[in-house]
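S.K.: Below is the structure I would like to discuss, written out as structure tokens.
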Amino acid sequence: GRRAVSTSWCPVGAAFDAKQQPQQLRGSAAGRETGLFGVPELSCPEGFQEAQDKALQESEQLVQKACSAPPGPETVVIFDQLSDALCRVADLADFVKIAHPDFAFREAAEEACRNIGTMVEKLNTDVELCQSLRRLLADEVVMSSLDPETRRVAELFMFDFEISGIHLDEEKRKKAVNLNVRILDLCNEFLTGTHLPNKIDKHILPEHIRYNFTAEGNYLQVAGLHADCPDDLVREAAYKIFLYPNAEQLSRLEELLASRNSLAQLVGYDTFAHRALQGTMAKNPETVTQFLEKLSDQLSKRTQKDFEMMTKMKVKLNPQNSKLMPWDHPYYSGVLRAERYNIDPGLYCPFFSLGACMEGLNSLFSQLLGISLYAEQTRRGEVWSEDVRKLAVVHETEGLLGYIYCDFFQRPDKPHQDCHFTVRGGRLRENGEYQLPVVVLMLSLPHSTRSAPTLLSPGMMENLFHEMGHAMHSMLGRTRYQHVTGTRCATDFAEVPSILMEYFASDYRVVNQFARHYKTGQPLPKNMVSRLCESKKVCAAADMQLQV
């Protein structure tokens, strides 16, 4: 992974605050065309079929190799190669199917996801393949000679077989595969449906609030809850329209829950929750329920006080309608915070330009981890939108650790969700080289304007730090096997590094290093950081109770 600083790299802050791409990131990409993420086949939607066929062909060869190999560490290596061959296509397609602006790419990626997913489920119920792993796990002499990482990965592969129903007869194994494939389809359909706005005849809404929603002929599109809008009626309308029961979505959800339950009971679990939580820190649904009930009990008195405060604020601002409604909580808790601590987001945004925040993260990672972030020039066809930035993650002694693609800006049809995607897991290749991890961070930030760079609210800044915590987990989880690399760990533990990063985002010693007014260069005053931190405690119990 060692590599000197490239001439095509530039400081990370400049790549995000510049009105146009810095000089190092510009220049002709002629003769350097490629496909998405540098995968040559993915220069067009049809390339997904080619990538999928290659992965399936490679996986067939690896299955034969695994079944004929004698018990030993080589068995685990082959299983990991098999996992990597399928994940390299499935993980990439999983991102493209929801984020690519071109419908043809999204459709091709979705089909690839389905086909690779079907193959994974079939392999998880392949008796001969499972036997090759069983022979290894049953050989005490060989197992005792394995290092702890190899032993653990072997056990995790066996765990995948067990929760998929490898112990069942052939007919029931086929049923388990079909249920798994149906669950994948229903999840995909349901999640797609959650991103769609709801439409309503514009004449149903009072004329004076229509401008809050996007017009489409005689209809208005409601794409969110408008939780920060000061007009009670706008929030009520958005809440009732956006969350209006959708018969198709309810039908999908009911079938999904029924299919999950059938699968869990078929493979020997009481409920799907028991199956999903095995192997996590929580271990079982009973632990989760006890935790939530205990938390709820301890929150109840404070929550009551919070709701009383919000009700008083509503009476003060709107005496005619004093009852606290479900659409009121986010707005009035925000009003209370702003009033008590004078933390209007507009006062903070000028200090949190995106470039300054990225330089802050760069400085933090340099001090804590000896890591620097550099923006790197992309080739034509490598990214799906021209405002996507590619970051090289470089360690002071280890060299290049991996790549982070930053898809940070709003665009039509892009899901409004902040998330981290693994596109390629890191692993030690057979030739001794390390396969560098590749991830995407997706946010929904506003674009820069003629007069100002992209400015982040305190909440957006915290989300950026959170998602960057996931990315660093992926870069630093430098394991020999991709099956356990980075965020491929217990799902509840995966949130630990990202939540840890949120604490850095609200510590003055960190914020003071980067928060500068984009016009004057003035640092963010310490009392403003203190007020922001204190304000997070206002209505915190009610916020958490609603989450519970």
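S.K.: Here is a check on your reading of the model: is L373 aliphatic (A, V, I, L, M) and modelled with pLDDT under 95? Write out each step before concluding.
M.R.: Values: aliphatic (A, V, I, L, M): yes; modelled with pLDDT under 95: no.
Answer is no for this residue.
S.K.: Follow-up question, since we're still on this one. What do you reckon, is M501 at pLDDT 95 or above and in a helix (DSSP H, G or I)?
M.R.: Values: at pLDDT 95 or above: yes; in a helix (DSSP H, G or I): yes.
Criteria met by M501.
S.K.: Would you confirm whether or not the range 120-141 contains a residue that is under 24 Å from G486 (Cβ atoms), of a type outside the set (A, V, I, L, M) and not assigned by the TED database to the domain that holds A490?
M.R.: Within the range 120-141, one or more residues are under 24 Å from G486 (Cβ atoms), of a type outside the set (A, V, I, L, M) and not assigned by the TED database to the domain that holds A490.
S.K.: Of everything in the range 525-539, what is over 30 Å from the mean Cα position of the chain (by Cα) and part of a loop (DSSP other than H, G, I, E, B)? Give them in sequence order.
M.R.: P525
S.K.: Being part of a loop (DSSP other than H, G, I, E, B) and surrounded by 18 or more Cβ atoms within 10 Å (Cβ to Cβ) is the filter here, so list the residues in the range 325-341 that pass it.
M.R.: Let us first name the residues in the range 325-341 that are part of a loop (DSSP other than H, G, I, E, B), namely 325-328.
Listed by number, the residues that qualify are W327, D328.
Yes or no, residue by residue, for (1) over 23 Å from E359 (Cβ atoms); (2) assigned to a strand (DSSP E or B); (3) open to solvent by 10 Å² or more (accessible area, probe 1.4 Å); (4) hydroxyl-bearing (S, T, Y):
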site	(1), (2), (3), (4)
Y405	no, yes, no, yes
D413	yes, no, yes, no
H416	yes, no, yes, no
F421	yes, yes, yes, no
E430	yes, no, yes, no
M442	no, yes, no, no
R450	no, no, yes, no
P453	no, no, yes, no
G469	no, no, no, no
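S.K.: Here is a follow-up. Report yes if L156 is touching a helix residue (DSSP H, G or I) at 6+ places or on another chain (Cβ under 8 Å), open to solvent by less than 60 Å² (accessible area, probe 1.4 Å) and hydrophobic (A, V, I, L, M, F, W, C), otherwise no. Working first, answer last.
M.R.: Numbers: touching a helix residue (DSSP H, G or I) at 6+ places or on another chain (Cβ under 8 Å): yes; open to solvent by less than 60 Å² (accessible area, probe 1.4 Å): yes; hydrophobic (A, V, I, L, M, F, W, C): yes.
It is true that L156 is touching a helix residue (DSSP H, G or I) at 6+ places or on another chain (Cβ under 8 Å), open to solvent by less than 60 Å² (accessible area, probe 1.4 Å) and hydrophobic (A, V, I, L, M, F, W, C).
S.K.: For the range 195-206, state whether one or more residues are surrounded by 14 or more Cβ atoms within 10 Å (Cβ to Cβ), of a type in the set (V, I, T) and within 20 Å of R252 (Cα to Cα).
M.R.: Quick first cut of the range 195-206, residues surrounded by 14 or more Cβ atoms within 10 Å (Cβ to Cβ) only: 197-200, 202, 205.
Keeping just the survivors that are of a type in the set (V, I, T) gives 200.
Next, from what is left, pick out any that are within 20 Å of R252 (Cα to Cα): none.
No.
S.K.: Inspect the range 472-480 for any residue being closer than 23 Å to C113 by Cβ, out of contact with any Ser or Thr (no Cβ under 6 Å at 6 or more places or on another chain) and open to solvent by less than 30 Å² (accessible area, probe 1.4 Å) and give the result as yes or no. Reasoning before the result, please.
M.R.: Step one: filter the range 472-480 for residues closer than 23 Å to C113 by Cβ, giving 474.
Now restrict to residues that are out of contact with any Ser or Thr (no Cβ under 6 Å at 6 or more places or on another chain): none.
No.
S.K.: Could you tell me whether any residue of the range 244-254 is closer than 30 Å to L168 by Cα, among the hydrophobic types (A, V, I, L, M, F, W, C) and within 26 Å of the chain's Cα centre (by Cα)? Full working, then the answer.
M.R.: Of the range 244-254, the ones closer than 30 Å to L168 by Cα are 251-254.
Cutting the leftovers down to among the hydrophobic types (A, V, I, L, M, F, W, C) gives us 253.
Adding the requirement that they be within 26 Å of the chain's Cα centre (by Cα) leaves 253.
Yes: the range 244-254 contains one or more residues that are closer than 30 Å to L168 by Cα, among the hydrophobic types (A, V, I, L, M, F, W, C) and within 26 Å of the chain's Cα centre (by Cα).
For every residue, the table says whether it meets (1) open to solvent by 80 Å² or more (accessible area, probe 1.4 Å); (2) touching a Pro at 6+ places or on another chain (Cβ under 9 Å).
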position: Q249; (1), (2): no, no
position: E254; (1), (2): yes, no
position: N261; (1), (2): no, no
position: T271; (1), (2): no, yes
position: T280; (1), (2): no, no
position: D297; (1), (2): yes, no
position: I343; (1), (2): no, yes
position: F351; (1), (2): no, yes
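S.K.: Can I ask one more? Could you look through the range 134-153, keep only residues that are in contact (Cβ under 8 Å) with a residue 60 or more places away in the chain and of a type in the set (V, I, T), and pick out the one that is most open to solvent (accessible area, probe 1.4 Å)?
M.R.: Per the criteria, the residue is V142.
S.K.: Which residue out of L184, L137 is at pLDDT 95 or above, assigned to a helix (DSSP H, G or I) and closer than 27 Å to V267 by Cα? Give the derivation first.
M.R.: Working: L184 fails: at pLDDT 95 or above.
After ruling out the rest, the residue left standing is L137.
S.K.: While we're on this one: So which of N188, N124, N180, N115 ends up being without any contact (Cβ under 8 Å) to a residue 60 or more places away in the chain and at negative phi? Before you say what the answer is, go through the steps one by one.
M.R.: Values: N188 fails: without any contact (Cβ under 8 Å) to a residue 60 or more places away in the chain; N180 fails: without any contact (Cβ under 8 Å) to a residue 60 or more places away in the chain; N115 fails: without any contact (Cβ under 8 Å) to a residue 60 or more places away in the chain.
Unique residue meeting the criteria: N124.
S.K.: Continuing with this model, one more query. Hey, any hits in the range 114-123 for a residue that's of a type outside the set (V, I, T), farther than 28 Å from K172 by Cβ and in a helix (DSSP H, G or I)? Steps first, please.
M.R.: The initial filter retains those residues of the range 114-123 that are of a type outside the set (V, I, T), namely 114-115, 117, 119, 121-123.
Still in the running and farther than 28 Å from K172 by Cβ: none.
No: the range 114-123 contains no residue that is of a type outside the set (V, I, T), farther than 28 Å from K172 by Cβ and in a helix (DSSP H, G or I).
S.K.: Just checking, which of S353, S366 is in contact with a Ser or Thr (Cβ under 6 Å, 6 or more places away or on another chain) and assigned by the TED database to the domain that holds R516?
M.R.: Values: S353 fails: in contact with a Ser or Thr (Cβ under 6 Å, 6 or more places away or on another chain).
Answer to the check: S366.
S.K.: Continuing with this model, one more query. Return yes when N321 is touching a helix residue (DSSP H, G or I) at 6+ places or on another chain (Cβ under 9 Å), touching a residue at least 24 places away in the same chain (Cβ under 8 Å) and open to solvent by 50 Å² or more (accessible area, probe 1.4 Å) and no when it is not. Even if it seems obvious, please write down each step before you answer.
M.R.: Working: touching a helix residue (DSSP H, G or I) at 6+ places or on another chain (Cβ under 9 Å): yes; touching a residue at least 24 places away in the same chain (Cβ under 8 Å): yes; open to solvent by 50 Å² or more (accessible area, probe 1.4 Å): yes.
Taking the combined requirement at face value, the residue satisfies it.
S.K.: Here's another thing I want to ask about it. Step by step: first the residues of the range 354-377, then only those that are small (G, A, S) and touching a Lys or Arg at 6+ places or on another chain (Cβ under 8 Å), then the one that is surrounded by the fewest Cβ atoms within 10 Å (Cβ to Cβ). Which residue is that? Spell out the reasoning first.
M.R.: Narrowing the range 354-377 to residues small (G, A, S): 355-356, 360, 363, 366, 370, 372, 375.
Filter once more, so that each one left must be touching a Lys or Arg at 6+ places or on another chain (Cβ under 8 Å): 356, 375.
Values: A356: 23, A375: 25.
Per the criteria, the residue is A356.
S.K.: A further question on this structure: Can you tell me which of A273, A227, A223 is in contact (Cβ under 8 Å) with a residue 24 or more places away in the chain and under 28 Å from A541 (Cβ atoms)?
M.R.: Numbers: A273 fails: in contact (Cβ under 8 Å) with a residue 24 or more places away in the chain; A223 fails: under 28 Å from A541 (Cβ atoms).
Of the residues listed, the single one that is in contact (Cβ under 8 Å) with a residue 24 or more places away in the chain and under 28 Å from A541 (Cβ atoms) is A227.
The values are calculated or read from the model by the stated rules, or taken from the named source; none is laboratory data. Keep in mind that what you see is a predicted model, and the values were worked out from it rather than measured. When we count neighbours, we look across all protein chains shown, and the Cβ atoms used for this are built from the backbone with ideal geometry, even at glycine. Protein only, heavy atoms only, side chains kept; ligands, DNA and RNA dropped before computing areas. Shrake-Rupley method; radii C 1.70, N 1.55, O 1.52, S 1.80 Å.
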